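**Student:** Can you read through this structure? Questions will come right after.
The values are calculated or read from the model by the stated rules, or taken from the named source; none is laboratory data. Worth saying up front: this structure is predicted, and the values here are computed from it rather than measured. Cβ coordinates were reconstructed from backbone atoms using ideal geometry, including for glycine residues, and neighbour counts include every protein chain displayed.
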Amino acid sequence: MTGKTVVTGLGVASPNGLGTADFWDNTRSGKSGIGLVTRFDPTNYPARLAGEVPGFTAEDHLPGRLLPQTDRMTRLALAAADWALEDAGVRPAEIPAFDMGVVTASSSGGFEFGQGELQALWSQGSQYVSAYQSFAWFYAVNSGQISIRNGMKGPSSVVVSDQAGGLDAVAQARRQIRRGTPLVVSGAIDASICPWGWVAQLAGGRLSTSECVDRAYLPFDAAAAGHVPGEGGAIVVLESEESAVVRGAHVYGEIAGYGATFDPRPDSGREPGLRRAVELALADAGVEPGEVDVVFADAAAVPELDRAEAAALRAVFGPRGVAVTAPKTMTGRLYSGAGPLDLAAALLSMDAGVIPPTVNVEPVPGYDLDLVVEQRSTPVHCALVLARGEGGFNSALLVRSV
Amino acid sequence: METRHFTLDDLRRILLEGAGADDAVDLDGEILDLGFDELGYESLALLETSSRIEREYGVSLDDEELTDGATPRRLIDAVNDRLSAPADSV
């Protein structure tokens, strides 16, 4: 089957808003969720800012049996999945179990839970390690827990490709829908703002060490010097168009195109793979560059990577040929959660006729990007979401109104 | 030497600490002869429970005592049998 795959439900947990309504209100008006780390004392670390999801109390959302066996990323994902299903008007108990799948992404698994168990191991001994460590840290745990909680036994998996993973998961969900599963819960939530997760990110060398919340993460700016990490993301309900029509569901938009490429060897001198990913997504959707209303950029805030992304966009769309935005300047980079959160923002842009801004950034003139730095009212029918993962992953997802 | 005794309250505490409680189950109710599956605990929850009993009471339970329709009463009896046995046979 190659019928349309549509999005019918959104569940958002973002540093600048818990829940879709708060997220969108704050995102369209440029309100940032970046601040000093509060989940641990960051005093002795070179990077001290993060985008933390505010106001989430797991006990308010999850049954008691799940609390001892879940990392924060899983708790957020389970709550976001509940919201996405409710938004879609789906009651899983009323749908055959094998007609529903779960495909999420994860960049690093449940780090905070794992840190606690490792500390128990070396300070007290192996008998003090929770039996639930066997899966609570694992990349696939969000897919598994969403599947168990909602009785979803259709094709399910996890995709691990760093920040590109969130888009790759949505594409894999679309494949499963085309193969005949009517409904797949997808998207991604990552959350590893704990000392162990922090040192792992520091070792990657791409974290901003600025302590000024509005100067720390400046993609496409001459002062770009790394990113602020964040937590959260979005869980989405994807369905075959047929399933959505039968249910009479509200459709946010169609997953119309997807392309994924891998970068060449770093010192090969060859062009990075992002341009080809964009072209593949456009070709997959049968869309010309001129039909794209907005690009949600990967926005690495590493000068070399910003240059490469700007070059790819110029090559496909021409100089200043398309509106470009990076609302992740309000959240930090969310790893696998970033793509699905941008996907949610793109779909909400279509509903509202508003492109949310890139905050704090003064774009380098030579990049020739039409960077949206203030909320822009304009019809949005077709949006491209980009994500690059460390290690060479490039993914592009095109969404279109139906 | 005083022999330690393992009670239903001890089991409730350990279950809650290690695996939480099913919201549909009243752990303070009459649970002694209910199966752990009826109480909402799967095999991993029982593994965690057994591990916590072992590190707190120094007794090691067999897998069969945690499966095959195990109930709180059978688990409590098994722990107390070990606690009252001569030390070299534990």
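**Student:** Quick one: which helices (runs of 4 or more DSSP H) lie wholly within segment A:192-286 and hold at least 2 residues that are among the charged types (D, E, K, R)? It would help to see each step written out before you state the result.
**Tutor:** Numbers: elements: A:195-204, A:241-247, A:274-285.
Those helices (runs of 4 or more DSSP H) span A:241-247, A:274-285.
**Student:** Please find, among A:P319, A:P303, A:P340, the residue that is farther than 19 Å from A:V6 by Cα and in contact (Cβ under 8 Å) with a residue 60 or more places away in the chain. Steps first, please.
**Tutor:** Details: A:P319 fails: in contact (Cβ under 8 Å) with a residue 60 or more places away in the chain; A:P340 fails: farther than 19 Å from A:V6 by Cα.
From the options A:P319, A:P303, A:P340, the qualifying one is A:P303.
**Student:** So, one more: How about segment A:4-60: which strands (runs of 3 or more DSSP E) wholly inside it have at least 2 residues that are crowded, with 24+ Cβ neighbours inside 10 Å?
**Tutor:** On the way: elements: A:5-14, A:34-36, A:49-51.
Answer list for segment A:4-60: A:5-14, A:49-51.
**Student:** Please go through segment A:114-146 and pick out each residue that is away from chain B (no Cβ under 14 Å) and of a type in the set (S, T, N, Q).
**Tutor:** Those that are away from chain B (no Cβ under 14 Å) and of a type in the set (S, T, N, Q): A:Q115, A:Q119, A:N142, A:S143.
**Student:** Right, next: Which of the residues belonging to segment A:98-113 are surrounded by fewer than 21 Cβ atoms within 10 Å (Cβ to Cβ), touching a helix residue (DSSP H, G or I) at 6+ places or on another chain (Cβ under 9 Å) and at pLDDT 95 or above? Let's see the steps before the verdict.
**Tutor:** Of the residues in segment A:98-113, the ones surrounded by fewer than 21 Cβ atoms within 10 Å (Cβ to Cβ) are A:98-99, A:108.
Filter once more, keeping what is touching a helix residue (DSSP H, G or I) at 6+ places or on another chain (Cβ under 9 Å): A:99, A:108.
Across segment A:98-113, the qualifying residue is only A:D99.
**Student:** Filter segment B:52-81 down to the residues that are in a helix (DSSP H, G or I) and touching a residue at least 24 places away in the same chain (Cβ under 8 Å) and list them by number. Steps first, please.
**Tutor:** Kept after step one, since they are in a helix (DSSP H, G or I), are these residues of segment B:52-81: B:52-57, B:63-65, B:72-81.
Correct list: B:R52, B:I53, B:E56, B:Y57, B:P72, B:R73, B:L75, B:I76, B:V79, B:N80.
**Student:** Determine, yes or no, whether A:R65 is of a type in the set (K, R), within 14 Å of chain B (Cβ to nearest Cβ), under 25 Å from B:G40 (Cα atoms) and not in a helix (DSSP H, G or I).
**Tutor:** Numbers: of a type in the set (K, R): yes; within 14 Å of chain B (Cβ to nearest Cβ): yes; under 25 Å from B:G40 (Cα atoms): yes; not in a helix (DSSP H, G or I): yes.
Here the answer is yes, as A:R65 does meet what is asked.
**Student:** Oh, and also: Which one is nearest to the other protein chains (Cβ to nearest Cβ), of the residues in segment B:13-33 that are part of a loop (DSSP other than H, G, I, E, B) and surrounded by fewer than 15 Cβ atoms within 10 Å (Cβ to Cβ)?
**Tutor:** Initially, segment B:13-33 is screened for residues part of a loop (DSSP other than H, G, I, E, B), giving B:20-33.
From what is left, the residues that are surrounded by fewer than 15 Cβ atoms within 10 Å (Cβ to Cβ) are B:23-24, B:26, B:28-30, B:32-33.
Values: B:D23: 5, B:A24: 9, B:D26: 12, B:D28: 13, B:G29: 15, B:E30: 19, B:L32: 20, B:D33: 21 Å.
Residue satisfying both the conditions and the ranking: B:D23.
**Student:** Right, another one. Which of the numbered conditions does B:T49 fail, given that it passes all the others? Conditions: (1) within 14 Å of another protein chain (Cβ to nearest Cβ); (2) out of contact with any helix residue (DSSP H, G or I) (no Cβ under 9 Å at 6 or more places or on another chain); (3) among the polar types (S, T, N, Q).
**Tutor:** (2)
**Student:** A follow-up question, please. Quick check: is even one residue across segment B:34-42 away from chain A (no Cβ under 14 Å), over 9 Å from the mean Cα position of the chain (by Cα) and closer than 20 Å to A:I148 by Cβ? Show your work before the answer.
**Tutor:** Restricting attention to segment B:34-42, the residues satisfying the condition of being away from chain A (no Cβ under 14 Å) are B:34-35.
If we keep only those that are over 9 Å from the mean Cα position of the chain (by Cα) as well, we get B:34-35.
From what's left, closer than 20 Å to A:I148 by Cβ: B:35.
Within segment B:34-42, one or more residues are away from chain A (no Cβ under 14 Å), over 9 Å from the mean Cα position of the chain (by Cα) and closer than 20 Å to A:I148 by Cβ.
**Student:** Taking segment B:52-71 as the region of interest, how many residues are among the polar types (S, T, N, Q) and within 11 Å of chain A (Cβ to nearest Cβ)? Can you show your working first?
**Tutor:** So in segment B:52-71, the residues among the polar types (S, T, N, Q) come out as B:60, B:67, B:71.
Narrowing the set further to residues that are within 11 Å of chain A (Cβ to nearest Cβ) leaves B:60.
Of the residues in segment B:52-71, 1 are among the polar types (S, T, N, Q) and within 11 Å of chain A (Cβ to nearest Cβ).
**Student:** State whether one or more residues within segment A:357-374 are surrounded by fewer than 18 Cβ atoms within 10 Å (Cβ to Cβ), under 15 Å from A:D306 (Cβ atoms) and small (G, A, S).
**Tutor:** Yes, segment A:357-374 contains a residue that is surrounded by fewer than 18 Cβ atoms within 10 Å (Cβ to Cβ), under 15 Å from A:D306 (Cβ atoms) and small (G, A, S).
**Student:** Now a separate question. Considering only segment A:68-100, state which residues are within 23 Å of A:Y335 (Cα to Cα) and in a loop (DSSP other than H, G, I, E, B).
**Tutor:** A:T70, A:D71
**Student:** Among the residues that make up segment A:266-278, is at least one of them touching a helix residue (DSSP H, G or I) at 6+ places or on another chain (Cβ under 8 Å), surrounded by 23 or more Cβ atoms within 10 Å (Cβ to Cβ), modelled with pLDDT of 95 or more and of a type outside the set (A, V, I, L, M)?
**Tutor:** No, segment A:266-278 has no match at all.
**Student:** Is it fair to say A:L313 is under 30 Å from A:S143 (Cβ atoms), crowded, with 24+ Cβ neighbours inside 10 Å and more than 17 Å from the chain's Cα centre (by Cα)?
**Tutor:** Judged against the criteria, A:L313 is not a match.
**Student:** Could you tell me which numbered condition B:D10 fails, if it satisfies all but one of (1) within 14 Å of chain A (Cβ to nearest Cβ); (2) out of contact with any Pro (no Cβ under 6 Å at 6 or more places or on another chain)?
**Tutor:** (1)
**Student:** Which residues, taken from segment A:172-206, are over 15 Å from A:V159 (Cβ atoms), under 20 Å from the mean Cα position of the chain (by Cα) and among the small types (G, A, S)?
**Tutor:** Those that are over 15 Å from A:V159 (Cβ atoms), under 20 Å from the mean Cα position of the chain (by Cα) and among the small types (G, A, S): A:A191, A:S192, A:G197, A:A200, A:G204.
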